Amino acid sequence: FKMCLGRVICKLLCSGEKEVDLAVQSAKAAFKIWSQMSGMERSRVLLEAARIIREQREEIATMETINNGKSIFEARVDIDISWQCLEYYAGLAGSLAGEHIQLPGGSFGYTRREPLGVCVGIGAWNYPFQIACWKSAPALACGNAMVFKPSPFTPVSVVRLAEIFTEAGVPKGLFNVVQGGAATGQFLCHHPDVAKISFTGSVPTGIKIMEMAAKGIKPVTLELGGKSPLIIFSDCALENAVNGALMANFLTQGEVCCNGTRVFVERKILDVFTKEVVKRTQKIKIGDPLLEDTRMGALINRPHLDRVQGFIKQAKEQGAEVLCGGDLYVPNDPKLKNGYYMRPCVLGNCTDDMTCVKEEIFGPVMSILPFDTEEEVVERANNTKFGLAGGVFTRDIQKAHRVVAALKAGMCFINNYNISPVELPFGGYKASGFGRENGRAAIEYYSQLKTVCVEMGDVESVF
């Protein structure tokens, strides 16, 4: 396992078929105990895990920065969202219930919300600890067990989460971690004792996971890629819109699935908006992610850095103009010279048919596109296979609600961007996947409904 500065920090063994089976069997045994506990009992354990994370926030955030390369400033936010997620589902655990339905003649029916069993979580490398919490918190609150496979690029911090769950009092094996790449994921997806798979990652891998799950008729939640539109109207609060565009493109070095990378700007303010965005982008402090004032760390690895650079090169060839950044960045600190750094990039003169506008780059690259009318921009915004997110900046509240209602995207933002409170469901439309993480909605995807019909009189036979 290499840190984003190009140095090996530890070596981990990949889990093979035998290890995956051991993890699933261990989780299966723990599930028998956990699923029989009351929601309130599960709630207390989740609250204790949240308390430990909150108490160890600095230590876990430092581990996450080393794990991923993002700034310590951002990593702290991720850890806060993580314990808040556990607290939120701890609050719901004691209130999970079915309903009672009165039927004729004193008969009645009722529904029970029951856990699925052993759920699999497969995480991405951009938010390793947070994604593990987003998947495990609702799963455990509903009474399930979970086997989690982090990305092989960020294997470290999820192991700490497993230790925290154990310290908090979950049955041994309830949250198991296996390490590895595609082969390990295949063993998990094909395992007969796995009840459900939740995956965060790329569209091609999501397709493969869905195919594997289909063989066992296992439900899946897929949180996949995006190429989200951010629409800036001329009546926006300009400074707020610029802040939103930076938040929509440069968090975690641009390695965020819901980023608003297609920035549509009303032509009237195109020049002033672009000028301000470029000025602010050039001021972003790049460097050692463990320093307090760093706002952009290193990209995840060399192949990914090369891929992002390739997109910028292709954009120039297709007629886009690099307004700032896009080149490699070499920090002054000799310890960082092998790091995977680049300057955040703003592309102007973009058109809808360019590769940089159509494909997910997953790096710090913003494409600016002019528009003239609301009708035109909505049509262009929706002209994509993706549908994860979308944003609107305007002072006209009717227009804001009208436009987000027309956007074919699962997560929409009005006068903000990339704000994802755990109380709100998160997930996509179209090729960006289906199912939801967070909010009450996630309960639907980690439980199943049993209907019971009770007859209080004699059975009337038709025979």
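The values are calculated or read from the model by the stated rules, or taken from the named source; none is laboratory data. What you see is a predicted model; the values in this text were computed from it and never measured. Don't worry about glycine lacking a Cβ; one is built from the backbone with ideal geometry, like all the others, and counts go over all protein chains shown. The protein model used for the area step is the full one, side chains on, heavy atoms only, and it has no ligands, DNA or RNA in it. Shrake-Rupley method; radii C 1.70, N 1.55, O 1.52, S 1.80 Å.
General remarks:
- Ranked packing of 132-142, 36-46, most packed first, by mean Cβ within 10 Å: 132-142, 36-46
- Once the chain from E460 to S202 is taken as fully extended at 0.36 nm per residue, the excess over their C-alpha distance is 87.4 nm.
- When the alpha carbon gyration tensor of segment 229-414 is reduced to an equivalent ellipsoid, the three semi-axes, largest first, read 28, 17, 15 Å.
- Near-label residues of segment 445-463 by backbone N, under 16 Å of a point 7 Å along Cα→Cβ of E114: 446-454
- Segment 79-164: antiparallel DSSP beta bridges as a percent of all, rounded to 5: 40
- Relative contact order for the chain: 19 percent, from Cα pairs under 8 Å spaced at least 6 residues apart, divided by residue count.
- Within the accessible area of the chain (1.4 Å probe), percent carbon and sulfur: 55
- Size of segment 1-143 from its Cα atoms: along the principal axes, largest to smallest, the extents are 73, 37, 21 Å.
- Scoring 331-337, 270-276 by mean Cβ neighbours within 10 Å over their residues and listing the highest first yields 270-276, 331-337.
- Cβ crowding within 10 Å averaged over residues, with 218-226, 93-101 ranked highest first: 218-226, 93-101
- Computed on segment 162-311, with alpha-carbon pairs under 8 angstrom and 6+ residues apart, the relative contact order is 15 percent.
- All lysines inside 20 Å of K450 as judged from Cα atoms, apart from same-chain residues fewer than 8 positions distant: K32, K196, K218
- Residue-normalised accessible area of the chain, given per residue in Å² at a 1.4 Å probe: 43
- Size of charge dipole - the chain - debye, nearest 20, with Cβ of Lys, Arg +1 and Asp, Glu -1, no other charges: 880
- Note, ³J(HN,Hα) from phi for segment 395-403, Karplus 6.51, -1.76, 1.60, rounded to Hz, x at Gly and Pro: 8, 8, 5, 5, 4, 4, 5, 5, 6
- Length gained on full extension, E379 to A441: 19.5 nm, using 0.36 nm per residue less the C-alpha separation.
- Couplings 3J(HN,Hα) for segment 20-36, derived from phi with the Karplus relation 6.51 cos²θ - 1.76 cosθ + 1.60 (θ = phi - 60°), are 4, 5, 4, 5, 5, 5, 5, 5, 5, 5, 5, 4, 4, 6, 5, 5, 8 Hz, where x marks Gly and Pro.
- Reachable lysines, given that their alpha-carbon falls under 18 Å from the alpha-carbon of K408 and they are not under 8 places away in the same chain: K227, K358, K385, K399, K430
- Here the contact order of segment 17-225, divided by its residue count and restricted to Cα pairs under 8 Å and six or more residues apart, works out to 26 percent.
- Distance in nm between pseudo-label sites at L12 and R402 (7 Å out along the Cβ direction from Cα): 5.0
- Placing a pseudo-label 7 Å from each Cα along the Cα-to-Cβ vector at D352 and E41 gives an inter-label distance of 5.8 nm.
- Cβ-based net charge around K399, under 10 Å, with every Lys or Arg adding one and every Asp or Glu removing one: -1
- Theoretical ellipticity at 222 nm over the chain - DSSP helices of four or more residues, -39500 (n - 2.57) apiece, nearest 500: -12500 deg cm²/dmol
- Label positions at E317 and A182, each projected 7 Å from the Cα along the C-beta direction, are separated by 2.5 nm.
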